[in-house]
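Notes follow once the structure below has been shown.
Derivation of every value follows stated rules applied to the coordinates shown; laboratory data play no part. This is a predicted model, so every value here is computed, not measured. Heads up, the Cβs are rebuilt from the backbone with ideal geometry, glycines too, and the neighbour counts pull from every protein chain shown.
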Ligand SMILES: [Cu+2]
């Protein structure tokens, strides 16, 4: 504890951290240290109850109804570790493989919390962690983006040169063949009510300008629909990042089909985007950016 003040002299800290780290208290245990490797664990929950394929999820939506997972995958990119002074350090991915890719500037990983062949799940191979390295040091939290970086989002999903994590032969159904770009999330629950209606969220960029199939690169999207997820007090050794389907679909009625495909005029997207604190308006004028002053309620830090 004494050693810390030698390596982190108060003179170098911000006023805010002075108060916590150098305010005269003997408790200077803020944050966690790594010597190099960092493993971020992801999970799905309904409230605090773990969610997986083949188990019944209860207390969903406006009617407190039940459902099973059908598909549960999402892209996470550009993970950064937060220091107490507010600075960030990129996490370097441990590998390029079917679930992870880095081009040196951007990182993208596919988290898969559904497993093909279990219950109602027909696609996916479990992949619940992002492994990487970071410079040795003391950190206090993590920040990341839900979605695929622009520079990687519109690569062909079928070209062998495209990184595996973004290819449809490796990770089926994560690409919209009619739009280009990836589904940032594929969250699908199958209700146990009559007819087993599905409640789904396919989040992705919309209003993208260009025509990649004919050699015209995408130059921008009117609604990027990428979401920054920041956990300011997060210790990867003790905590995980949980997607709460109960919170995401709190305003849905599980007796009927609820579909949000991110189309700018899709009324089925209103409550899902509100839970994500992403700007959306079914008149088509939504900006697809974070709503200032609001915090998303879908992803949360929980103990592991
Ligand atoms: Cu869709």
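The figures follow:
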read-out: Cα-projected label distance for residue 209 with residue 193, points at 7 Å along beta-carbon direction, nm; value: 4.2
read-out: Over the chain: helical MRE at 222 nm, DSSP H runs n ≥ 4 each giving -39500 (n - 2.57), nearest 500; value: -2000 deg cm²/dmol
read-out: The range 31-303, relative contact order [Cα under 8 Å, separation at least 6], %; value: 22
read-out: Sequence of 187, 76, 218 once ranked by neighbouring C-beta atoms within 10 Å, starting from the fewest; value: 218, 76, 187
read-out: Residue-span extension gain [residue 95 to residue 267] - 0.36 nm each, minus C-alpha spacing; value: 58.0 nm
read-out: Shape call, the range 31-303: gyration tensor on alpha carbons, a/c limit 1.5; value: rounded
read-out: Average Cα contact separation per residue, the range 33-126, under 8 Å, 6 or more apart, as relative contact order %; value: 27
read-out: Simple label model, 7 Å out from Cα along Cβ direction - residue 237 to residue 129, nm; value: 1.4
read-out: Cα gyration tensor, the range 110-236 - rounded (a/c under 1.5), prolate or oblate; value: oblate
read-out: Förster radius 30 Å - calculated FRET efficiency between residue 230 and residue 159, Cβ distance, rounded to 0.05; value: 0.35
read-out: 84, 188 arranged by Cβ crowding within 10 Å, fewest neighbours leading; value: 84, 188
read-out: Per-peptide average of other Cβ atoms within 10 Å, ordering 118-124, 193-199 highest first; value: 118-124, 193-199
read-out: Ranked list, fewest to most other Cβ atoms within 10 Å of each Cβ, for 248, 201; value: 248, 201
read-out: FRET efficiency for residue 39 and residue 151, using Cβ-Cβ distance with R0 set to 30 Å, rounded to 0.05; value: 0.70
read-out: Antiparallel DSSP beta bridges within the chain, percent to nearest 5; value: 90
